[in-house]
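Down below is the structure, laid out as structure tokens.
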Amino acid sequence: MRYFDYIQPENIKQAGESASHGWRKALLYAGGTDLLGLIKNEVESPAALINLKAIPGLNGIEYSEREGLTIGALVKLSQLSAHEAVRERYSVLEQALKETASPQLRNMGTIGGNLCQRPRCWYFRGDFHCLRKGGDICYAVDGENKYHCVVGGGPCFIVHPSDPAVALLALDAWVTIASAKGTKRVALKDFFVLPEDDIYRENILQPGEIVTHIHVPPLSEKTVSGYIKFRERGAWDFAVVSVAATLRINGNTIIDGKAAFGGVAPKPWQEEKINQRLKGLSVKTENFELLSAEVLKEAEPLNQNAFKLPLVRNLLKRLLVQLTAS
Amino acid sequence: MADSKIIKSKYFFEEDFTEELAEVSANKYADWNKKELKVVGKPVSRADGYDKVSGSAVFTFDVILPNMAHAKTLRCPHPHAKIKSINTKKAEKIPGVLGILTFENAPKISWYGKSFLFDPHLRYEGDEVAFVAAENERIAEQALKVIEVDYEILPFVTDAAEAMKKDAPKLYANGNIRGGKPSIYERGNIDRGFEEASVVVEQTYKTQVEIHNPTEPHCSVVNWDGDYLTIWDSTQGVFSVRDRVADVLKLPASRVRVIKKYMGGGFGAKLEAGKYTVMAALLARKIGRPVRIALDRKEMNLSVGNRPDSVQKLKGGATKDGRLTALYHYSYGAAGAHPAGAGCSWPLRTMYLCPNVKTEEYTVYINAGRARPFRAPGHVQGFFALEALIDELAEKIGMDPLKFRIKNLTDRDQVFDAPYTSKLLLEAYRVAAEAIGWKNRPQPAGSDAGPVKRGIGMSSQIWWGGGGPPAYATLKLNRDGSVRVIAGSQDLGTGTYTILAQVASEVLEIPMEKIEVLLGDTAVAPYCGSSGGSTTAPSVSPAVRDAAEQMKAKLLSGAAAHLNVSEAQLVYRNGVIQTKGKNKKRMTIREIARKMGERVLVTTGKREANPNGYAINSFGVQFAEVEVDTETGKVNVKKIVAAYDIGRVLNPKTLENQIHGGIIQGLGFALFEERIIDRNTGKVLTTNLHDYKLPTVKDTPQIDIRIVSKGDSKISNTGVKGVGEPAMIPTPAAIGNAVYNAIGKRIKSLPITPDKVLTALQS
């Protein structure tokens, strides 16, 4: 670990200014559950660490039927999953939060940090000078790539590790991004970045930009939602594949719906075609099977991860059946 | 009273038979009757329980000495390289750096046979390049970064099959196959055996490299007091560490003291002195300060041992009525970069009655961390293959796999042609089959309806674990009637402190609270072997009983002197010594102990010889019930029933702990754990506990333990067989067979991960 400056700004403006001097020179420190490990393992070697925890106004959760849910970026995962509105109305988010990491990590990790965490690729995290770290090859392409992406990859083949991000994508969430210059609003689907667009980062944040809030639109009464995370062991494991869905149902018909997928792509993934086909679909297992078979049609698995395709399709079918069962 | 002699003692320890001279007790004691026992066999709580749950237990990792320096190791980042040059000047200049050792300034100490403590030829990622001591770990780490090493990168091989090829990069001048040839065992005539067979099954099974990953990393704290060296070490064998360190540093054994109190697991990786211990001792002497070295998790996953992988080609023949006629085993496994054993054919040689057997095993060097014994070396992987083959044979002849096994039981060890001292496997089968509901397993395999399919599978188990001499225990009676038991054994977290106190308490009728056990100190304790091979309880508990019985005789003698009666008139019962007949004179044990106190000599008990002409083995069976989700490929183990013949149970609580631990570790091997090496760079990818997946509490099944044995008086005065390794041996095989029963497809390589299951289901 190298020496770094420790900065504790009192407001977003100061934080934005402190963080705006160069690419990955100053890193934002919220819960630290990912960041401190990255620094200790020298995946990141920042010149400065900017502690956001003293900044007021980033700790709250607000809910109204008109505005939906507004979540401060510093809200802990365990705090969010326990919130009444989340439990009553946003099952998909609650489930994704509760499936994340371990209780200890959920008590420390923040929702903003969770969205901005770095990939778990073992080459990226390990002693390899890979593309994403400024090297000139992706070791996963011809290497050990069982956990890597099946779609959206190239020239780097990471998967995005967040569970809540997948749920939030299915909820049409958006984020507020602040900097010294002001604030802007970005839909979550436009927040994440594929390697073909930028190999060095997983989201659009520029130096000095900070996610301050996450907004989730209100859901209509008839909406059901859920999340299935598939991991190899029972706890403390990232998703091999995960599936989130929100469905507005009337009688025996899905009025409209959204599905999102984790563990398959370098960003939380959704397919417009699938969401379109959910519209007006009548609730029938065969329909769900047919629909699921269409998921990730453009996938190009690497030599060890083709199993993710039947897995993601089976999980989507299972989730749709579960959500429409009652 | 004490009667002893010296014998040649031979028993199985981890990877091979040991033979050594031992002083053994010739004292005979009445066999314990389970019903009359008051302490032994009872669920006594752990002596170390409070210390551990309260956090006050001091492990080696926690030892802090005044003025202690902290060390770190620079390890080779390449799978195969030579040091062309090394420059430590920049590192030496960092304030707080106290000393650096490299191959250039360290004494040339022979290690791993053909290598050295510091060897400029680096044969695996993680091989030691330099050792730095500094004021703290952070400074030591900084120093590692500025040591300049010019490596000559050499071609590498990290796969055993590749390494066996003629043109493979060589780790040693005479090639990558250890000894240049396979190790072969043969009995009968397998060609004739296969001719007699009406069915033959031939299959290849594979198992992965497993890393020990104990909770407490390998660590030592060393301190010189003049020419006297004290080492606190996280070790399974204090005497083994003492001997090695004394030998390489050319010190008299009397000047090396090795201490270990509490330990966070070893599983076989801590059976020998680590290089780090010797490096720390060298540097501590040089800088004149105590040195602490503790490995980090990455080093644990690279450098201090593993269960070698295996490729096992098995061929089995049986008659239509279910008699095994021939078994053939061909295997190879990766020992890593330095000598270690990778054989796994013992189960096939010993488990079932079969007159014609041949095994052919290759141990292969590759550019990766060295294999070490790991909880039942060879057996865990060997049983996975053997028990799959047995199930496949049974299916082919249309016989219930349990019946097929029963039909091929043997009451003799077929390798040494000797009867077992005891074998209650049939009873274990009966009890466990009933508990799991064997009759209700899906038939045929894969016939359970629905996407989540249930299955039941089984595996037998054989292990040695009878222990044997030499093992000694000293017993001291204190002035207040309390007792100190001292033995050069060690408690790995298994409960040795507790069970030895129970034995002394049982014999002397002195309460547990008044008995303290001191283990793991070479300066004060008489010799015991390393804690491995499931030998600690069976070796050491009889020595403690011997010591306690001798002390009991002294108490009787003392009471006789005090009461002015003859010893023959006295009985020792229920905490009281009293005369027979009328006009009773009596003293409580406490009274006589107080009277005698330290004024009597200590006693030293000795493990008696093992019986001649017998084989001592433990036996058992596990049945696994699993659910396989055919849409995700996930295997959920619902229940394990484990039934064992392990002789006498000294303490059902610590026994259950050991069996739970073994089953969970076996489950990890069956489903999750695997060292993965990047094929292109030869570097290990699983160097932390996220990528190297140990099982979690959520993966733990319901565990049902049945013990069918009461004690085996042929073995020793306590009649114990070890259970540490037997607990793990059958778990992966039982789970593998249960998965087959659930889905009707056999996963022939471990771990049984969802991708393999999904791929198998799609084929």
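The values are calculated or read from the model by the stated rules, or taken from the named source; none is laboratory data. Small disclaimer: the values here were computed from a predicted structure and weren't measured. Cβ atoms come from the backbone with ideal geometry, glycine included; neighbour counts cover every protein chain shown.
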Check your understanding: under 30 Å from B:Ala106 (Cα atoms) and either surrounded by 14 or more Cβ atoms within 10 Å (Cβ to Cβ) or touching a Gly at 6+ places or on another chain (Cβ under 6 Å) (or both), is that true of B:Ala168?
Key -> no
Check your understanding: What residue, of B:Thr696, B:Thr686, B:Thr681, is without any contact (Cβ under 8 Å) to a residue 60 or more places away in the chain, polar (S, T, N, Q) and surrounded by fewer than 24 Cβ atoms within 10 Å (Cβ to Cβ)?
Key -> B:Thr696
Review point. If you take the residues of the range A:275-293 that are within 21 Å of A:Ser91 (Cα to Cα) and more than 14 Å from chain B (Cβ to nearest Cβ), which of them is surrounded by the fewest Cβ atoms within 10 Å (Cβ to Cβ)?
Key: A:Lys279
Review point. Can B:Glu673 be described as part of a strand (DSSP E or B), of a type in the set (Asp, Glu) and within 14 Å of chain A (Cβ to nearest Cβ)?
Key: no
Exercise for review: Within the range B:206-231, track down each residue that is free of Cβ contacts under 8 Å to residues at least 24 places away in the same chain and part of a strand (DSSP E or B).
Suggested key: B:Asp225
Revision key, fill the gap. If you go through B:Lys693, B:Lys634, B:Lys638, B:Lys683, the only one that is at the interface with chain A (Cβ under 9 Å from one of its Cβ atoms), at pLDDT 95 or above and out of contact with any helix residue (DSSP H, G or I) (no Cβ under 9 Å at 6 or more places or on another chain) is B:Lys683
Practice item. Specify the residue that is surrounded by the most Cβ atoms within 10 Å (Cβ to Cβ); the eligible residues are those in the range A:88-103 that are in contact with an Asp or Glu (Cβ under 9 Å, 6 or more places away or on another chain) and under 25 Å from A:Arg201 (Cβ atoms). Key: A:Ala96
**Study point:** Top-ranked residue in the range B:709-732 [being hydrophobic (A, V, I, L, M, F, W, C) and farther than 28 Å from B:Asn27 by Cα; ranked as farthest from the other protein chains (Cβ to nearest Cβ)]
**Key:** B:Ile729
Review point. Can we say A:Gly143 is buried (at least 22 other Cβ atoms within 10 Å of the Cβ), at pLDDT 95 or above and away from chain B (no Cβ under 13 Å)?
Key: no
Point to revise | Considering residues of the range B:175-205 that are buried (at least 16 other Cβ atoms within 10 Å of the Cβ) and assigned to a loop (DSSP other than H, G, I, E, B) only, the residue farthest from the chain's Cα centre (by Cα) | key: B:Ala197
Review point. Out of the range B:99-119, which residues are surrounded by fewer than 22 Cβ atoms within 10 Å (Cβ to Cβ), of a type outside the set (A, V, I, L, M) and touching a Ser or Thr at 6+ places or on another chain (Cβ under 9 Å)?
Key: B:Thr102, B:Glu104, B:Asn105, B:Phe116
Practice item. Being within 14 Å of another protein chain (Cβ to nearest Cβ) and either over 19 Å from B:His78 (Cα atoms) or surrounded by fewer than 22 Cβ atoms within 10 Å (Cβ to Cβ) (or both) is the filter here, so list the residues in the range A:104-129 that pass it. Key: A:Gln104, A:Leu105, A:Gln117, A:Arg118, A:Pro119, A:Arg120, A:Cys121, A:Phe124, A:Arg125, A:Gly126, A:Asp127, A:His129
Review point. What helices (runs of 4 or more DSSP H) completely inside the range A:228-326 contain at least 1 residues that are without any contact (Cβ under 8 Å) to a residue 60 or more places away in the chain, among the β-branched types (Val, Ile, Thr) and under 22 Å from A:Val159 (Cα atoms)?
Key: A:272-278
Review point. Any residue in the range B:5-24 that is without any contact (Cβ under 8 Å) to a residue 12 or more places away in the chain, closer than 27 Å to B:Ile231 by Cα and surrounded by fewer than 12 Cβ atoms within 10 Å (Cβ to Cβ)?
Key: no
Exercise for review: Would you mind telling me which numbered condition in (1) β-branched (Val, Ile, Thr); (2) within 14 Å of chain A (Cβ to nearest Cβ); (3) buried (at least 21 other Cβ atoms within 10 Å of the Cβ); (4) more than 24 Å from the chain's Cα centre (by Cα) B:Ile752 fails?
Suggested key: (4)
Review point. Does B:Ala670 count as buried (at least 24 other Cβ atoms within 10 Å of the Cβ), within 30 Å of A:Lys317 (Cα to Cα) and of a type in the set (A, V, I, L, M)?
Key: yes
Practice item. Consider A:Gly60 carefully, then state whether it is touching a strand residue (DSSP E or B) at 6+ places or on another chain (Cβ under 7 Å) and surrounded by fewer than 22 Cβ atoms within 10 Å (Cβ to Cβ). Key: yes
Exercise for review: Determine which single condition A:Arg24 fails, assuming it passes every other condition in (1) under 23 Å from the mean Cα position of the chain (by Cα); (2) at negative phi; (3) more than 14 Å from chain B (Cβ to nearest Cβ); (4) in contact (Cβ under 8 Å) with a residue 60 or more places away in the chain.
Suggested key: (2)
Study note, to complete from the structure: Reported set for the range A:294-313 where residues are facing chain B (nearest Cβ under 8 Å) and touching a helix residue (DSSP H, G or I) at 6+ places or on another chain (Cβ under 7 Å) is A:Phe307, A:Pro310, A:Leu311
Practice item. Hey, could you check the range B:651-670 for residues that are more than 11 Å from chain A (Cβ to nearest Cβ), touching a Pro at 6+ places or on another chain (Cβ under 7 Å) and not aliphatic (A, V, I, L, M) and say which is farthest from A:Glu232 (Cα to Cα)? Key: B:Asn651
**Study point:** Counted residues, the range B:70-104 - those being away from chain A (no Cβ under 14 Å), within 32 Å of the chain's Cα centre (by Cα) and in a strand (DSSP E or B)
**Key:** 3
Practice item. Could you grab me the full set of residues in the range B:493-530 that are β-branched (Val, Ile, Thr) and farther than 30 Å from B:Phe17 by Cα? Key: B:Val507, B:Ile510, B:Ile515
Review point. Under 9 Å by Cβ, and 6 or more places apart or on different chains, what pairs join a residue from the range B:593-614 that is assigned by TED's automatic domain parsing to the domain that holds B:Ser482 with one that is in a loop (DSSP other than H, G, I, E, B) and of a type in the set (Asp, Glu)?
Key: B:Ala593/B:Asp480; B:Arg594/B:Asp480; B:Gly597/B:Asp480
Revision key, fill the gap. Of the residues in the range B:296-314, those that are under 15 Å from B:Leu74 (Cα atoms) and surrounded by fewer than 22 Cβ atoms within 10 Å (Cβ to Cβ) number 4
Revision key, fill the gap. Taking the range A:240-258 and the residues there that are within 12 Å of chain B (Cβ to nearest Cβ) and of a type in the set (A, V, I, L, M, F, W, C), the one that is surrounded by the most Cβ atoms within 10 Å (Cβ to Cβ) would be A:Val243
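Residues are listed down the side, and each one gets a yes or a no for (1) within 18 Å of the chain's Cα centre (by Cα); (2) closer than 25 Å to B:Asp191 by Cα; (3) modelled with pLDDT of 95 or more:
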residue: B:Leu324; (1), (2), (3): no, yes, yes
residue: B:Tyr332; (1), (2), (3): no, yes, yes
residue: B:Arg349; (1), (2), (3): no, yes, yes
residue: B:Asn356; (1), (2), (3): no, yes, yes
residue: B:Glu361; (1), (2), (3): no, yes, yes
residue: B:Ile366; (1), (2), (3): no, no, yes
residue: B:Gly382; (1), (2), (3): yes, yes, yes
residue: B:Ala385; (1), (2), (3): no, yes, yes
